[in-house]
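The values are calculated or read from the model by the stated rules, or taken from the named source; none is laboratory data. Keep in mind that this is a model prediction, so the values were computed, not measured. FYI the Cβ positions are ideal-geometry reconstructions off the backbone, even for glycines, and counts take in every protein chain you see.
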């Protein structure tokens, strides 16, 4: 058993398997339903396979919480390797995953499991986890890391632009009439994570308009935050989005910059034709973790 604390998360976060293995990140895997077939996220299906089925097979997709046995196995395995586990979970308003993990820890009668609601998802959740890993690896106590995470999650901005309303309609998240009207008008939803939920922040008419809107968000919060990390995230790879990401990196010179794929949790609901921006303030006392 190591003196370091373990870090646990769920499929709300979008890390690669290589990253998780490198940092021994404990993972609760969402179940992915594609039509009538159930898969395990990042185990029996990849995000690329999900995207292929959505585009080429027009498959209806959904997600569900992992079964109780998964929580039991992951927490037990973590406590065998670490004295304590810090679980940074998907927003409790978006999923029952966090509550299920807390209930499992209570049933196991352990006081060495600490759960924090990140109140976000995707690369918003991932940025908080990456920060916790960096600070843990510096030898920072778990109590200090939790204080930083709780402060940082107040600042985080996570925005998505969805190319088409079709996948939201397929999943029953908007009506057919609204989907048709939006498609005819060429409108693309701008979604934002706010108060732990994904809500509408308006619409745009094109990728370029969405990019300029995201650039304005980066401009505003980079000035407000001082020290910050930026991520540009994508569904399908797109040269236009990649070029935009490089522009943002050069223009704002964040402490750390990422250009990363969006995971299954968002893609299953909003479709593969989307991209996003995340920006988070880094505490002055933690800047050295990014240098």
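With the condition being over 16 Å from the mean Cα position of the chain (by Cα), without any contact (Cβ under 8 Å) to a residue 60 or more places away in the chain and more than 24 Å from residue 4 (Cβ to Cβ), I'd like the helices (runs of 4 or more DSSP H) fully within segment 64-151 carrying at least 2 qualifying residues.
On the way: elements: 68-81, 97-107, 122-137.
Filter on segment 64-151 gives 68-81, 97-107.
For segment 63-72, give me the residue count where each residue is touching a helix residue (DSSP H, G or I) at 6+ places or on another chain (Cβ under 6 Å) and either over 15 Å from residue 263 (Cβ atoms) or outside the structural domain of residue 84 (by TED's automatic domain parsing) (or both).
Residues meeting the conditions: 3.
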(request) Go over the candidates 212, 197 one by one and state the one that is under 21 Å from the mean Cα position of the chain (by Cα), outside the structural domain of residue 13 (by TED's automatic domain parsing) and surrounded by fewer than 20 Cβ atoms within 10 Å (Cβ to Cβ). (result) 197
(message) I need the full set of residues from segment 31-52 which are farther than 11 Å from residue 267 by Cβ, in contact (Cβ under 8 Å) with a residue 12 or more places away in the chain and either in the same structural domain as residue 165 (by TED's automatic domain parsing) or in a helix (DSSP H, G or I) (or both), in order please.
(response) none
(request) Check residue 154 against each of (1) assigned to a loop (DSSP other than H, G, I, E, B); (2) at pLDDT 95 or above; (3) over 27 Å from residue 231 (Cα atoms) and name the one condition it does not meet. (result) (3)
